[in-house]
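Have a look at the structure below before the remarks.
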Amino acid sequence: AERQMYKEKTSSYIQGGKQALEGVLEFFHKDSWEKAHSQQVSALCERLGKALNLTDASLEQVKKAGFFHDIGKVAPDGKEGAEKQHPVVGYRILRHFSKTAGIAEIVLAHHERWDGLGYPGGLSQEEIPKLARIVAVASSFHRLTNPKKGAGLTIEDAARKIQGLGGTKFDPQITSQLGLLLSSPVDRR
């Protein structure tokens, strides 16, 4: 009886957690730009991950991290500098759910820079998790090519811009793989 009670509590907790995460995601994705950005960054992460020969497990992680990378933006933007807090807020949200706990560190580090001038921790080079470095490139690429909330650059111009930031903002090994993104269409929603 006791074992059954614990099994039911665990099942209830997992189901409640899943519903809570879906609720946060639904609220966040009311903004159609953020929903499209999440989907496109996830797809771009997968393509970059394949070009970098990631394992299947790492590919799944980077796709998921790409999808959830901006989830911390659900927090109100009332204070100055709130934009720079979204990786921390995202980390706090994601680590509470078994489905996303494994990607929380990736989301936390997706605004770190290769040269150490990023945030929130000022990490540099190999200190930044590799999957976070992939998310950073994919997110920037999508923003640069998007005419609604980004620069609206052509795919080629966006790739050149990001490649030019290899070694400063971005991991140069990852930026060297942008040719893969040029070989197939990118959704510019």
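Applying the set (1) closer than 23 Å to Gln85 by Cα; (2) in contact (Cβ under 8 Å) with a residue 24 or more places away in the chain; (3) touching a Gly at 6+ places or on another chain (Cβ under 8 Å) to Ala132 leaves exactly one unmet item: (3). Consider segment 26-50 and keep the residues that are modelled with pLDDT of 90 or more and among the hydrophobic types (A, V, I, L, M, F, W, C). The one that is surrounded by the most Cβ atoms within 10 Å (Cβ to Cβ) is Val41. For segment 21-111, the helices (runs of 4 or more DSSP H) that sit wholly inside it and include 3 or more residues that are in contact (Cβ under 8 Å) with a residue 40 or more places away in the chain, closer than 19 Å to Ala132 by Cβ and aliphatic (A, V, I, L, M) are 32-51.
Residues being surrounded by fewer than 17 Cβ atoms within 10 Å (Cβ to Cβ) and modelled with pLDDT under 95 are represented in segment 100-115 by at least one member. For segment 145-164, the set of residues classified as surrounded by fewer than 19 Cβ atoms within 10 Å (Cβ to Cβ), assigned to a helix (DSSP H, G or I) and not acidic (Asp, Glu) consists of Ile155, Arg160, Lys161, Gln163, Gly164, listed by residue number. Residues that are under 12 Å from Leu44 (Cβ atoms) and either modelled with pLDDT under 75 or aromatic (Phe, Trp, Tyr) (or both) within segment 165-181 comprise Leu180, Leu181, listed in sequence order. Inspection of segment 121-132 finds a residue satisfying the criterion of being surrounded by 22 or more Cβ atoms within 10 Å (Cβ to Cβ), small (Gly, Ala, Ser) and modelled with pLDDT of 90 or more.
The values are calculated or read from the model by the stated rules, or taken from the named source; none is laboratory data. The structure displayed is predicted, hence computed values, not measured ones. So basically every Cβ, Gly included, is an ideal-geometry build from the backbone, and we count neighbours across all protein chains shown.
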